[in-house]
1. Let me check against my output: what whole-number percent is the relative contact order of the chain, with C-alpha pairs under 8 Å and at least 6 apart?
2. Is there a quick way to get the dipole size of the chain? I mean about its Cα centre, with the Cβ of Lys and Arg at +1 and of Asp and Glu at -1; what is the value in debye to the nearest 20?
3. Given axes a ≥ b ≥ c from the Cα gyration tensor, I'd like to know whether region 71-116 is rounded (a/c under 1.5), prolate (a/b larger than b/c) or oblate.
4. For the residue pair ALA8 and ALA311, what label-to-label distance in nm results when each label sits 7 Å from Cα along the Cα-to-beta-carbon direction?
5. Report the local net charge at ARG119: Lys and Arg +1, Asp and Glu -1, summed over other residues whose C-beta lies under 10 Å from its C-beta.
6. So, with a 1.4 angstrom probe, what is the percent of accessible area on the chain that is carbon and sulfur?
7. Along Cα→Cβ, 7 Å out, is where each label goes; now give me the distance between the ones at ARG460 and ALA154 in nm to one decimal.
8. With the other protein chains left in place, how much accessible area per residue, in square angstrom, belongs to the chain at a 1.4 angstrom probe?
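The values are calculated or read from the model by the stated rules, or taken from the named source; none is laboratory data. What you are looking at is a predicted structure, and each value in this text was computed from that prediction instead of being measured. Because the Cβ atoms are built from the backbone with ideal geometry, glycine has one as well, and the counts that use them run over all protein chains shown. We work out accessible area using only protein heavy atoms, side chains counted, and drop any ligands, DNA or RNA first. Shrake-Rupley method; radii C 1.70, N 1.55, O 1.52, S 1.80 Å.
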Amino acid sequence: MNPAVGIAAVAAVSVATAVIGFYGLRISRTTGDFYVASRTVPPWWNASAIGGEYLSAASFLGVAGLILLSGTDALWYPVGYTAGYLMLLLFVAAPLRRSGAYTIPDFTEARLDSRAVRRVTSLAVVIVGWLYIVPQLHGAALTIRTTTGLPAWAGSTAVVVVVCLTVVAGGMRSITFVQAFQYWLKLTALAVPLIFILLVLAGNGSHPLAEAAANPGGADPASPYQSISLLVALLFGTLGLPHVLVRFYTNPDGHSARRTTLIVLGLLSVFYLFPTAFGLAGRLFAPDLARAGQADALVLLLPGRLVGGTAGELLSALVVAGAFAAFLSTTSGLVVSLAGVISQDVLGGSVRGFRVAALVSITVPLGLALMTDSLALAGSVGLVFAFTASTICPVLLLGIWWRGLTDVGAIAGMVTGGLLCGGAMVAGTVLGAAGTPPWLAQPAAWTVPVAFTVMVLASRATSSRVPRTITRVLTRLHTPERPLATER
């Protein structure tokens, strides 16, 4: 790919993001605008924004790369990512919106009447956010290095600069505009090149997707344990992602939150058709990328390889723009959720505190990204889901649906799950991919049940600490709003 074309694509999407973000600044004035867009975002708009921030580097680049490497075993990733939203619809979306909280720590403190629980939840949210931002910056580094030849750090730094401009300028109100735009850009950036690729191959008498599906080949199949553990991580991890959950606070009411989740399910289902198709086509026409350790670059390189010429260059530029939109949108959502937590817990919760917290939230993962090498993008994000499923998810589910949860139980469960899953992640990093046993490589199958069990047992042992406000709080979470409230 011509480096100038790649640079132009990155510049175009960055400028578009900044312009839309500054438009949001014009109507971002209050604290509510910065934290939850004053709770006025309608379902279709909010669903597009959720799709924008949820479809990260792992979705845009990593899913196709894993399918190239592992064939049908990798299909658990798009299935799990999408099905996690069904769990959100059934168990979390509406009650969380009715809680009236700005952040996840706000919810846990109100539910358990405990500042200590708030502090532990805040720490878990910050760790999850930082762990999730790092793969986005690795993806940006990979994209810049592959398509322009510039140093890898330039991609990570570019994402940080653009995110700082949009988030610091207008907070949640600003990035809602940005992320909704970026979802449709990402969808277009995969759909249009794939259509051209299929037309070119059909003209040559080839039917790549059917041939790839019929000839899976590739790596050894995953064990049943690995598949189950991955699904546990993706299904339960989605319930605790801070940048996703904060989006439900922006809906006007619980009914709108449920509608938003239904629309998101449709948007995600459509999107994941395209990286899956890219991965299948790559298994036939670009298997050398897997051998060269460039599986995550498949989506970036395949249009230029199969279409070629000026058309191939333009299609590649569109893919690069979509990839950068993925890095920007997910990182923006994470920074907003982290800034909300850090600002409220440390800096007083003001607009100025939010802006300072946003700068802190992005600086730390930038340092981590510059000091580490990129892993397989989807695989590294899968471990973040496992950590989230072992910490934030249990306290949310039990906090919403079980009146017996106590502050001691919540802290014990989150700390246990975090230490076990975090220890498995560190051990896997030390041992390397080849030497890591499956129960460490995919720890969610045992860390999530242990976290839930510890939380329940510790709560039962301290049942006298159930808050006296429990009936009032649960009534608020589970009482539907009046019909008139949903129509306004």
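1. Reported as a whole number, the value is 30 percent.
2. 1520
3. Prolate.
4. Computed distance between label sites ALA8 and ALA311 equals 1.9 nm.
5. Overall, the nearby charge balance is 0.
6. Working: 12190 of 17880 Å².
On the chain, the fraction of accessible area on carbon and sulfur atoms equals 68 percent.
7. With each label point 7 Å from Cα toward Cβ, the separation is 6.0 nm.
8. That works out to 37 Å² for each residue.
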